[in-house]
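What follows is calculated from the coordinates using simple rules that are stated; it is not laboratory data. None of the values given here were measured: they were computed from a predicted structure. Cβ sites come from the backbone with ideal geometry, for glycine too, and all protein chains shown count toward neighbours.
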Amino acid sequence: MMVIDRVKFLRDEINKHNYNYYVLDNPTVSDFDYDKMFAELKSLEVENPDLITPDSPTQRVGSVSEKFFPYTHKHRLYSLDNTYSYEDLAKWYERITKEYGDNVELVCELKIDGLAISLTYENGLFTTGVTRGDGITGENITTNLKTIKAIPLKLFEDVDIEVRGEIYMPKTSFEKLNEESLAKGEKLFANPRNAAAGSLRQLDSSITAKRDLSMFTYTAILGEAADAPKTHYDSIMYLKKLGFKVNPNIRLCKNIQDAIDYCKEWDTKRFDLNYATDGVVIKVNSLAIQEDLGFTSRAPKWATAFKFPPEEVTTKLLDIELNVGKTGAITPVAVLAPVHLGGSVVQRASLHNFDEIKRLDIRIGDTVLIKKAAEIIPKVIKVMDTPEHNSLPEVNPPEYCPSCHSKLVTINGEVNLYCTSKNCSQQVTAQIEYWASKEAMDIDKIGPAVIQQLYDKKFISNAVDLYRLTVEDFMQLDLVQEKSATNMYNSIQASKNRPLARLLTAFSIKNVGKETADILANEFKTLDNLKNADKEAFDALPGFGEKTAAAIYDFFHDKENLKMLDTLKSLGVIPPEVKGAESDILDGKTFVLTGTLKNMTRDEAGALIKKMGGKTSSSVSKNTSFVLAGENPGSKLDKAEKLGVIILTEDEFFDMINK
């Protein structure tokens, strides 16, 4: 057999086995035999580089990219309107049947909690892959997408087609990734969607290749050929025929009642899946009706998303643990009998403070009802009425710190109890963890496990000591090799010139969170200006109460803190002077952000708002100009509606700043 024929044979065989394994979940060859074929193909291509083609399996592993480039979508990617009740679903369907007759067929698909992407194929070859972006412009991440084996590099037919899909990380892969991160002392991802997003936007696509991402395809944009599918369901089956991975749980429904039954069926079954889903997407099946119905300014009229309600379950409260936070506040935590909630096993839930324990009359041994706030944070809602409740002992507030055994105090009549000892180990490590967190100095690679080791081995006694560490210090930690030690050291060095607002946040000044730190940084520009300001300057800041102003003034006039600032400066921790906003398009506007945004994190959205002259706040008030709401918004949305505050979708926000 000639070399060219052998290369073609190997290429086709490996692509076929990739399809069987990653799309059909039905491998037809052993890993050993697959690896042998792959190695042979790679060797032949090295010897004959003129035989390398774009659809070769060897081209999946990419290289380092300097940046992602913007890409204008040929066809806009719209958002979906959400419904939260079956009554709303029926009303949506009724509006359609009034115009198109009874029993309009629908298609139900599970709503995958991932990242939307658009793929373009020319003559059957994958040419371009783009993120959703704002629906009009995304980022070209073709190289990274080529590493995902569920995305075919060559289709089974030589067609020109654009498809839409959802990139996701399987739950098992997510858990494995976090276990590996924990072992390395790195930060953990909050959920599979965040892990997928972080993996997909790596500048080094070889990292993306290691992250075990997958994709379900859910839309085909077809030409007007006479033999093109006439229904959405048939178009999905056509995508499957071309070699795309299609969610196996798609269902053709005769009417809205069938669709509602589908939603009810998956309300609990979804937790058995190996991927996260937060609802059901319901579409009109007829493509002709879809085209006739068209779109609103942000969403198709022929589709809607039914969102699953947050799950509530009962379980036994086994114990109450006490945690010491970075400010010394004592937080009681419920230790629960393990229970499945919202797709994960929950064993702990915050009880906030002892006033909350008293209000709910929570006792160890109670049966409690818990739910996930915004489907993320477990929360005890109430105590169930059981015969044994009254016989259980009441929970009394502690008198001494659970970590250092210092006497606890209340401050100015606040609800929380505080440990005021500066030598409290749990409080100190919490402060260091917060200093290194993404919210503060964003020191990648330095997680809680590493910090605890550094503290226990007496390499550090406070956050400032992080900047004294050497590579050799890190190599003395358990399970840390030279490469990991170098990465940790470099992460700390990279944090030395973080913006002033981040450093102010890291200081953990009482009542000073991210928003307050931003105001201080924009007003005073430098640390020296803050040190030299009088109390009246802090009192005069909008929204600053007397306690906050006093706390800031006291911090910058405390001898120990001034010594700490000098030490930081000598170690090279010098935030650059704050410049003015790049634009005044949002001048005078205050935004509150809530829910999960599709195209950026809330931190990124906040930075963009400030860049354009606006402000952000953590709470909604009559002074709030806009609430930017993503998916699964919290109580802030309800408050905004009551106060008549303008609520913006992500698309509307982009429209505003683009204008």
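The modelled label-to-label distance for the pair Glu47/Leu252, using points 7 Å beyond Cα in the direction of Cβ, is 5.1 nm.
Dividing the mean sequence gap of close Cα pairs (under 8 Å, 6+ apart) by how many residues region 312-385 holds gives a relative contact order of 32 percent.
For Asp655 and Asp160, the difference between the fully extended length at 0.36 nm per residue and the C-alpha to C-alpha distance is 175.1 nm. For the peptides 622-631, 137-146, residues were scored by their other Cβ atoms within 10 Å and the scores averaged per peptide; the highest-first order is 137-146, 622-631. Pairwise Cα distances in region 311-413 exceed 20 Å in 40 percent of cases. Full extension of the chain between Leu562 and Arg201 yields a length gain of 125.9 nm, computed as 0.36 nm times the residue separation minus the alpha carbon distance.
Here region 82-307 is treated with +1 on each Lys and Arg Cβ and -1 on each Asp and Glu Cβ, and its dipole about the Cα centre works out to around 620 debye. Under the convention that each Lys and Arg Cβ holds +1 and each Asp and Glu Cβ holds -1, the size of the dipole of the chain around its Cα centre is about 900 debye.
As a rough guide to protection, the peptides 507-514, 399-406 ranked by mean Cβ packing within 10 Å, highest first, stand as 507-514, 399-406.
Its relative contact order, with pairs defined as Cα atoms under 8 Å and 6+ residues apart, puts the chain at 10 percent. Only the Cβ atoms of Lys and Arg (+1) and of Asp and Glu (-1) were treated as charged; on that basis the dipole of region 590-658 about its Cα centre amounts to roughly 380 debye.
A cut-off of 5 Å between modelled amide H atoms, ignoring neighbours fewer than 5 places along the same chain, links Leu648 with Val627, Leu628, Ala629. For the chain, the 222 nm mean residue ellipticity estimated from helices alone, with every DSSP H stretch of n ≥ 4 adding -39500 (n - 2.57) and the total spread over all residues, rounds to -10500 deg cm²/dmol. Couplings for region 68-79, taken from phi via the Karplus curve 6.51 cos²θ - 1.76 cosθ + 1.60 with θ = phi - 60°, read 9, 9, x, 9, 7, 5, 5, 10, 4, 9, 8, 7 Hz in order; Gly and Pro are left as x. The largest-to-smallest principal axis extents of the Cα set in region 474-538 are 51, 20, 18 Å. Would you mind checking the tilt of helix 31-47 against the longest principal axis of the Cα atoms of the chain, expressed as 0 to 90 degrees and rounded to 10? That works out to roughly 80 degrees. Each of the peptides 605-617, 457-469, 42-54, 275-287 was scored by the mean count of other Cβ atoms within 10 Å over its residues; in descending order, highest first, they stand as 275-287, 605-617, 457-469, 42-54. Applied to region 603-618, the Karplus parametrisation 6.51 cos²θ - 1.76 cosθ + 1.60 on θ = phi - 60° returns per-residue 3J(HN,Hα) values of 4, 5, 5, x, 5, 5, 4, 5, 4, 9, x, x, 10, 10, 9, 8 Hz, with x for Gly and Pro. Here semi-axes √(5λ) of the Cα gyration tensor in Å was computed from the coordinates, and among [x] 46, 32, 27; [y] 39, 33, 25; [z] 42, 29, 25 the match is [x]. Look at the alpha carbon pairs under 8 Å that are at least 6 residues apart: their mean separation over the length of region 82-307 gives a relative contact order of 30 percent. Starting from the Cα gyration tensor of region 364-489, take the square roots of the eigenvalues, sort them a ≥ b ≥ c, and report rounded, prolate or oblate (rounded when a/c is under 1.5, otherwise prolate if a/b is larger than b/c, else oblate). Because a/c hits 1.5 or more and a/b exceeds b/c, region 364-489 counts as prolate.
Each residue, Lys74 and Asn274, gets one label point 7 Å from its Cα in the Cβ direction; the gap between the two is 3.4 nm.
Within the shell of other residues whose beta carbon sits under 12 angstrom from the beta carbon of Lys254, the net charge comes to -3, with Lys and Arg scored +1 and Asp and Glu -1. Computing FRET efficiency as 1/(1 + (r/R0)^6) for Lys16 and Lys264, where r is the C-beta to C-beta distance and R0 is 41 Å, gives about 0.60.
Among residues other than Phe474 with Cβ under 10 Å from its Cβ, the summed charge is -2 (Lys and Arg +1, Asp and Glu -1). A simple spin-label model places pseudo-atoms 7 Å from Cα toward Cβ; at Asn490 and Lys510 they are separated by 4.2 nm.
Per the Kirkwood formula applied to alpha carbons, region 82-307 shows a radius of gyration over Rh ratio, Rg over Rh, of 0.98. Restricting things to alpha carbons, find the Rg to Rh ratio for region 590-658 using the Kirkwood radius for Rh. Radius of gyration over Kirkwood radius for region 590-658 works out to 0.92.
Taking amide H as placed 1.01 Å from N in the peptide plane, the amide H of Thr231 sits under 5 Å from that of Leu287, each at least 5 places away or on another chain. Amide hydrogen proximity for Gly279: with H placed 1.01 Å from N in the peptide plane, the residues at 5 or more positions away or on another chain lying under 5 Å are Lys111, Phe308.
Computed from Cα positions, the angle between helix 171-183 and the longest principal axis of the chain comes to roughly 40 degrees.
For Asp539, neighbours were defined as the other residues whose beta-carbon sits under 14 Å from its Cβ, and their charges (Lys and Arg +1, Asp and Glu -1) total -3. Compactness ratio for region 425-570: Cα radius of gyration over 2.2 N^0.38 Å (N = residue count) comes to 1.12.
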